[in-house]
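What follows is one structure encoded as structure tokens, with my remarks underneath.
The values are calculated or read from the model by the stated rules, or taken from the named source; none is laboratory data. These figures come from a predicted structure and were not determined experimentally. So basically every Cβ, Gly included, is an ideal-geometry build from the backbone, and we count neighbours across all protein chains shown. Accessible surface areas use protein heavy atoms only, side chains included; no ligands, DNA or RNA. Shrake-Rupley method; radii C 1.70, N 1.55, O 1.52, S 1.80 Å.
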Amino acid sequence: DAGVIQSPRHEVTEMGQEVTLRCKPISGHNSLFWYRQTMMRGLELLIYFNNNVPIDDSGMPEDRFSAKMPNASFSTLKIQPSEPRDSAVYFCASTRGGQPQHFGDGTRLSIL
Amino acid sequence: AQSVTQLDSQVPVFEEAPVELRCNYSSSVSVYLFWYVQYPNQGLQLLLKYLSGSTLVESINGFEAEFNKSQTSFHLRKPSVHISDTAEYFCAVESNYKLTFGKGTLLTVNP
């Protein structure tokens, strides 16, 4: 089975630009999570979707961040405008029915 | 609120030596406990989990962890490590849907 697929794997862009990260969850999973990993703060939950509906977005840092899940097989995390402090590795994870979360390989984002 | 403390940020060991990675948690409700492993430039992979039942849980590659409710701990152990075990290890607690991670322990196995 294909795992959680994230794209791009790496993104380098200049501050002020819009950044869009993409995630395809495992087929049949109905919960999706976006995490951010930094050296200083470790792994932080940004937002959680259940059945395509955002349930908890309390971890989204500020209004520059937005996430959508238009259907069960696709989600995006957008940063507009991006800032150097947004540089991090962003992970997407999915699960169903109380099973452990499965993680993608992440997107390494660098904002210059 | 829940929190996870991994007491060691780095653990260097020699190949074939035993290792213990420590994890303590705090939570006001019942939780599920997990260890995830992260190899360089990869996502997190589930190593083992405690949901209920036997307090000693094992993975397929020789790791084990014991849930100790009185000490609120879930330490990870392996009696003999390999070079290939070099990775970062994360302890996590889940309550409802929410996973809270520790800061991670970098295990480096030297020849």
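Leaving out ligands and nucleic acids, note down the accessible area per residue over the protein assembly as shown with a 1.4 angstrom probe, in whole Å². Provide the component values of the computation, followed by the final result.
Values: 11300 Å² over 223 residues.
Per-residue value: 51 Å².
Identify which of B:Y36, B:Y50, B:Y97 has the largest mean-square fluctuation in a Gaussian network model of chain B, with springs joining Cα atoms closer than 10 Å.
B:Y97
What spacing in nm lies between the two simple spin-label points modelled at B:Q2 and B:L46, each 7 Å away from Cα in the Cβ direction?
For B:Q2 paired with B:L46, the spin-label model returns 1.4 nm.
Rounded to a whole number, what % of the accessible area of chain B do carbon and sulfur atoms account for, probe 1.4 Å? Walk me through the numbers on the way to the answer.
On the way: 2830 of 5650 Å².
For chain B, the apolar C and S fraction of the accessible surface comes to 50 percent.
Please compute how much accessible surface disappears when B pairs with A, both sides summed, using a 1.4 Å probe, and round it to the nearest 100 Å². If you can, show how the numbers build up before the last one.
On the way: alone 6400 and 6400 Å², together 11300 Å².
Roughly 1500 Å² of accessible surface disappears when B and A pair.
If the cut-off is a Cα-Cα distance under 16 Å, which lysines reach B:K78, setting aside same-chain residues fewer than 8 apart in sequence?
B:K49
Can you tell me what the convex hull of the Cα atoms of the protein assembly as shown projects to on average, as an area in nm²? Display every interim value, and only then the final one.
Numbers: hull surface 50.2 nm².
Orientation-averaged projected area of the Cα hull: 12.6 nm².
Provide a list, ordered by number, of residues in region B:83-102 showing at least 40 Å² less accessible area with every protein chain present than when their chain is taken on its own, using a 1.4 Å probe.
B:Y97, B:K98, B:L99, B:F101
What residues in region A:18-64 lose 50 Å² or more of accessible surface when the other protein chains are added to their chain alone (1.4 Å probe)?
A:L43
Shape verdict for chain B, please, from the Cα gyration tensor: rounded (a/c under 1.5), prolate (a/b greater than b/c) or oblate.
Details: a/c = 1.88, a/b = 1.60, b/c = 1.17.
Verdict is prolate for chain B.
Pop out the ³J(HN,Hα) list for region B:62-67 in order, Karplus 6.51 cos²θ - 1.76 cosθ + 1.60 with θ = phi - 60°, rounded to Hz; leave Gly and Pro as x.
With coefficients 6.51, -1.76 and 1.60, one gets x, 7, 9, 9, 10, 7 Hz.
Could you identify which residue out of B:G53, B:G43, B:G62 has the top mean-square fluctuation in a GNM of chain B using Cα springs shorter than 10 Å?
B:G53
State, as an integer percentage, the relative contact order of region A:27-95 based on alpha-carbon contacts under 8 Å between residues 6 or more apart. Don't jump to the answer; show the numbers that get you there.
On the way: 117 pairs, mean separation 25.5, N = 69.
Worked out over region A:27-95, it gives 37 percent.
Based on alpha-carbon centroids, what's the gap between region B:52-74 and region A:29-94 in Å, whole number please?
30 Å
Springs between alpha-carbon pairs under 10 angstrom, Gaussian network model over chain A: which of A:G59, A:G28, A:G98 fluctuates most?
Comparing A:G59, A:G28, A:G98 in a Gaussian network model of chain A, the most mobile one is A:G98.
Shielding by partners for A:102-110, please: the mean number of other protein chain Cβ atoms within 10 Å of each residue's Cβ. Before the final figure, lay out the partial values.
Details: counts 4, 7, 3, 4, 5, 0, 1, 0, 0.
Counting other chains' Cβ atoms within 10 Å and averaging over A:102-110 gives 3.
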